[in-house]
């Protein structure tokens, strides 16, 4: 089955109903997740929701020295052929880590450890629901009602994404570079937006987060040259010191923030809402630029050259 | 003693001789480091050099739930008054973590746990040598010969930083935004460059790293609008797949990279060389812009408003 990219995006509300999990796990002292780009982001977003054990997301070729029998290792690669992830997973097998894999096939699915198989036919970045759900079901909640509510909220956006289109219009209107400012626990959601602008809109884009950015970025927000070349996007819904930081940073530096208000009550609802809002904003921005959101020929060409 | 900012920069070659360490430590299962901005970066850079236990750098208000008696907790705040770090340290005390602090004074120095006191009178970002040395001495190497070699290499740059001036000239020549591309174990050194451009040059600046950036950024490197508004800075000295990735990414996307070649043989030598090169490049860029590199009034104003 081959879907066009818009249909792939629309599939997300179904993906959050995916009920796979990692099965029975032996006790572990730490979690290491190996994954790159659109696959690794599932691990990064999970790492911000879970803090009962240390979680390290490895996004290069090396498995940390501490990885051993007490480590739960999860290798994620949608294609199953990401060279970094395959290499780190092989090393985790040698070190006798407790291993789980998440993939749609490829080399990873042939390595042997227990594997959550996800459907083929998607761009990795349009399969985030499948890639993240095993983590959420295993460690956060597997209550189907929770995900039904999220799914129906996401369906609404899939039917009417005029707000996301409006944000895309603003960015495109001044041919600007998006700079997305998150806050915990949505730092990696901000990074997801960045990568979606990179891939779906073929634009340079950046992300950072409060409160860290107030210790460095806030200075150029006031004094830099070239500020008019950027669109600053912040996530609404913060409270306490973070809410103040967002407001004061905008005021003191005279910087206009485009605020994306998450819907939903719980962290999971807001998280999926914000993720999907980034999907549609970057998708519309790509359409405005008249480029093919699906084209990742640069990455394909790179992979080919690296093999040779 | 008050030093002007250039003298503060020049002090770095002396700071790497700072011989403090964390003293005798009980066994621990994981390390949590709390620190923001120019202080937190010491923990982040260390986290990339050490992998015998999980290291998490906390750059917000919350201590992870897993922190307990088996956790070595290090709180770093140059001023000692960073609200995030003070708050997380208090929580670490309640949780009975094994605690070490690194500070020049302030509230942190009055909390009670064992503290490495570093000299006052610097901008936090110009005290990185003091802030990082306790980690290196305790966990990497305390061999004075290693640091004497590094110190003398850094002294040379403090006497002649014409290469760094030349890089600053290139960036300034087209009024561009620096985008610094690192690779492991210099991902956080790239982030350090970003924050130094932010603070010393008062410019927006960004960082990412190979191989992760090949999974998203590489696409806009080819297709984005506004690419001429950026200067792409990469660190030389990579090998194997990373070296290929740097070269192929530049070729395939027709992107000109400004390469900063590290001097030195060991990782520590290259690391300090690259860090200091970023100090001087950002400093010269600030001078070209005729701004005061020391001025952090935006951050001060923010802190004042947050207290009220």
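The values are calculated or read from the model by the stated rules, or taken from the named source; none is laboratory data. Nothing here was measured: the structure is a model prediction, and the numbers come from that model. When we count neighbours, we look across all protein chains shown, and the Cβ atoms used for this are built from the backbone with ideal geometry, even at glycine.
In table form, for the structure just shown:
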{"quantity": "Those helices (runs of 4 or more DSSP H) lying entirely in segment A:85-186 with at least 3 residues surrounded by fewer than 18 Cβ atoms within 10 Å (Cβ to Cβ)", "calculated": "A:144-159, A:162-173"}
{"quantity": "Segment A:224-271: number of residues that are more than 25 Å from the chain's Cα centre (by Cα) and closer than 30 Å to residue A:143 by Cβ", "calculated": "1"}
{"quantity": "Filter result (without any contact (Cβ under 8 Å) to a residue 12 or more places away in the chain, part of a helix (DSSP H, G or I) and farther than 30 Å from residue A:298 by Cα) within segment A:189-217", "calculated": "A:212, A:215"}
{"quantity": "Failed condition for residue A:126, given (1) without any contact (Cβ under 8 Å) to a residue 12 or more places away in the chain; (2) closer than 18 Å to residue A:284 by Cβ", "calculated": "(1)"}
{"quantity": "Any hit, segment B:280-297, residues being more than 30 Å from residue A:239 (Cβ to Cβ), more than 10 Å from every other protein chain (Cβ to nearest Cβ) and touching a strand residue (DSSP E or B) at 6+ places or on another chain (Cβ under 7 Å)", "calculated": "no"}
{"quantity": "Residue identified as surrounded by 24 or more Cβ atoms within 10 Å (Cβ to Cβ), out of contact with any helix residue (DSSP H, G or I) (no Cβ under 8 Å at 6 or more places or on another chain) and not assigned by TED's automatic domain parsing to the domain that holds residue B:40 among B:202, B:194", "calculated": "B:194"}
{"quantity": "Residue ID - modelled with the lowest pLDDT, chosen from residues in segment B:228-241 that are at the interface with chain A (Cβ under 8 Å from one of its Cβ atoms) and surrounded by fewer than 20 Cβ atoms within 10 Å (Cβ to Cβ)", "calculated": "B:241"}
{"quantity": "Number of the exception - residue A:27 against (1) assigned to a helix (DSSP H, G or I); (2) more than 12 Å from chain B (Cβ to nearest Cβ)", "calculated": "(1)"}
{"quantity": "Condition check for residue B:279: surrounded by 15 or more Cβ atoms within 10 Å (Cβ to Cβ) and outside any helix (DSSP H, G or I)", "calculated": "no"}
{"quantity": "Residue A:244 being touching a helix residue (DSSP H, G or I) at 6+ places or on another chain (Cβ under 7 Å), surrounded by fewer than 19 Cβ atoms within 10 Å (Cβ to Cβ) and either more than 13 Å from chain B (Cβ to nearest Cβ) or farther than 24 Å from residue B:35 by Cβ (or both)", "calculated": "no"}
{"quantity": "In segment A:124-141, the residues that are over 16 Å from residue A:278 (Cα atoms) and in contact with a helix residue (DSSP H, G or I) (Cβ under 8 Å, 6 or more places away or on another chain)", "calculated": "A:130, A:131, A:132, A:133, A:135, A:136, A:139, A:140, A:141"}
{"quantity": "Within segment B:58-85, tally of residues that are more than 10 Å from every other protein chain (Cβ to nearest Cβ) and closer than 19 Å to residue B:28 by Cα", "calculated": "7"}
{"quantity": "Single condition residue A:46 does not satisfy, out of (1) under 23 Å from residue A:303 (Cα atoms); (2) within 14 Å of chain B (Cβ to nearest Cβ); (3) assigned to a helix (DSSP H, G or I)", "calculated": "(1)"}
